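Colleague: Take a look at the following structure, please.
FYI, it's all coordinate maths here, none of it is from the lab. Worth saying up front: this structure is predicted, and the values here are computed from it rather than measured. Please note: Cβ atoms are built from the backbone with ideal geometry, for glycine as well, and neighbour counts cover all protein chains shown.
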Amino acid sequence: MDAALEVVSAVLLLTGAAFCLLGAVGLVRFPDIPTRLHASSKAQTLGVLLTLVGAAVRVSFPYAGLLLLIALFQLFTVPVAGQVIGRVAYRTGAVDPNTLTIDELADRLASPDAEASADPDDTGTGTDEGGDAGGVDGGRAG
């Protein structure tokens, strides 16, 4: 049983190290920010998770639990950080819009003046058709 755990741990550790290496190569080789973010977030996260699980297989339960909590922390924080970095890169002009297949942020980040002129029915008062500013309860907190 001990030999089997060692083999499983070794396979997980080596696979995790390979994914980390591939993520690092992607950071160096890819030409633009979105593809570099993809390499750093996807491959690195999988590499770190496999490495943590491989280490957790070999240690006692309290330490394994701590390693799994670190893995969960990685799963929750790395995508959020990648999203924030990508959005900052887009807003600062570091991303070339011509390289994007679909540009979903262009409409969301359009100037408010352009949105107001695009919708002639919108009066800009913040109320709906009935003059009810808060929806069902009339905007009263209750």
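Colleague: How much length is gained on full extension from R91 to D2, taking 0.36 nm per residue of separation minus their Cα-Cα distance? Numbers along the way, then the final one.
Modeller: Details: separation 89, 0.36 × 89 = 32.04 nm, distance 5.28 nm.
The R91-D2 span can extend by a further 26.8 nm.
Colleague: Compute the length gained on full extension between A106 and L69: take 0.36 nm times their separation in residues and subtract their Cα-Cα distance, giving the result in nm to one decimal. It would help to have the intermediate numbers written out before the result.
Modeller: Values: separation 37, 0.36 × 37 = 13.32 nm, distance 3.70 nm.
Full-extension gain reported as 9.6 nm.
Colleague: At 10 °C and a viscosity of 1.306 mPa s, what translational diffusion coefficient does Stokes-Einstein give for region 39-89, taking Rh as the Kirkwood radius over Cα pairs? Give it in µm²/s as a whole number. Working shown, then result.
Modeller: On the way: Rh = 11.6 Å.
My calculation gives 136 µm²/s for D.
Colleague: Suppose each label sits 7 Å from its Cα in the direction of the beta carbon; what would the L22-V59 distance come out to in nanometres?
Modeller: According to this spin-label approximation, the distance is 2.6 nm.
Colleague: While we're looking at this one, here's another question. In whole Hz, what ³J(HN,Hα) sequence does region 95-110 give by Karplus (6.51, -1.76, 1.60; θ = phi - 60°), x for Gly and Pro?
Modeller: Here the 3J(HN,Hα) series is 9, 7, x, 6, 8, 8, 6, 10, 10, 6, 7, 4, 5, 6, 9, 5 Hz.
Colleague: Using the basic label-point model (7 angstrom from Cα toward the beta carbon), what is the N98 to A81 distance in nanometres?
Modeller: Roughly 3.3 nm, to one decimal.
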